[in-house]
Amino acid sequence: MYLSRIREALPVVRETLERAAERVGRRGQEVVIVAVTKGHPRAAVEAALSAGLRDIGENRVQELEARVAEVGRTAATWHMIGHLQRNKVARAVGKFDLLHSLDSQRLAESLAAEAVERGLTLPVLVQVNTSGEETKSGFTADEASDAIGRVLGLPGLSVCGIMTMAPLTQDERVLRAAFQEARKIFEDARGLARFEPRHLSMGMTNDYAIAVEEGSTMVRLGTALFGERPA
Ligand SMILES: *Cc1c(COP(=O)(O)O)cnc(C)c1O
């Protein structure tokens, strides 16, 4: 079921990405698709991999852990995209290739300590809350530049970009404003020592074409690839 679904959905997604990229003089292939398998069974991960996707995103440590154990640590590039509680840092470290959701200084310090202890460098994106919604985590745009500076001062972390979640709305102006804010933070950070401007992670099923027009280099797609999540 998952395989037929993704085989149908992926060409549509790629076409949408290509068109959005073309509108702003970019190429769709530059944009990394992270297949968000949260809430779906292992079969979804396997379907994504056999459809040729390589990047898998989970938003909870427990699910990430289960998927990595089932499918294999090196079978995919694993993305931790959800809020990471500090008491789960030790469990999570070693199981992801990129953390999208570095959303507080305290979390950054915990991750840095764990990384140093294990002799690892952890690639992270700083999450910026551009929606103004209190339920979403991340640094506000006002805090972001200082926060990035402080995180860059920690050992054991490689800060390689910015992530944001736009509000859930169909209002294109609101979506564009959120993505533009994240883009500006990303561009402004380019000048900071040790910042590696590799990924601007923005765009979900509802808004990924707009996100790409506004400069996204990485979209996180669940519903567009797998359909609605099982209840
Ligand atoms: C669930 C989730 C997504 C994917 O959402 P869809 O709307 O299903 O594409 C992307 N990013 C994060 C952080 C998520 O939690």
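The values are calculated or read from the model by the stated rules, or taken from the named source; none is laboratory data. Remember, it's a predicted structure, so these values are computed and weren't measured experimentally. Cβ: placed from backbone, ideal geometry, glycine included. Neighbour counts: every protein chain shown. SASA here: full protein model, heavy atoms, side chains in, ligands and nucleic acids out. Shrake-Rupley method; radii C 1.70, N 1.55, O 1.52, S 1.80 Å.
Taking the square roots of 5 times each eigenvalue of the Cα gyration tensor of the range 49-90, largest first, gives ellipsoid semi-axes of 20, 11, 7 Å. If R0 equals 22 Å, the separation of the Cβ atoms of Asp97 and Gln62 corresponds to a calculated FRET efficiency of about 0.75. Measuring nothing but protein heavy atoms, the accessible surface of the range 55-191 at 1.4 Å probe radius is 47 percent carbon and sulfur. Normalised size of the chain, defined as Cα radius of gyration per 2.2 N^0.38 Å with N residues, equals 0.97. Taking the centroid of alpha carbons for each part, the range 20-85 and the range 153-183 are 18 Å apart.
By a 1.4 Å probe calculation restricted to protein chains, Thr140 has an accessible surface near 60 Å², given to the nearest 10. Judged by the mean number of other Cβ atoms found within 10 Å, the most tightly packed of the peptides 156-165, 82-91, 59-68 leads the ranking 156-165, 59-68, 82-91.
A quarter of the convex hull surface defined by the alpha-carbon atoms of the range 84-169 gives 5.5 nm² as the mean projection. Length available on full extension from Arg229 to Glu133: 0.36 nm per residue minus the Cα-Cα distance, which gives 32.3 nm.
In the chain, helices alone account for a calculated mean residue ellipticity at 222 nm of -13000 deg cm²/dmol, with every DSSP H run of four or more residues adding -39,500 (n - 2.57).
Dividing the Cα radius of gyration of the range 1-123 by its Kirkwood radius returns 1.03 for Rg/Rh.
Here is the tail figure for the range 123-231: Cα pairs spaced more than 19 Å apart come to 43 percent of all pairs.
The spacing between the range 185-231 and the range 114-132, judged by their C-alpha centroids, is 16 Å.
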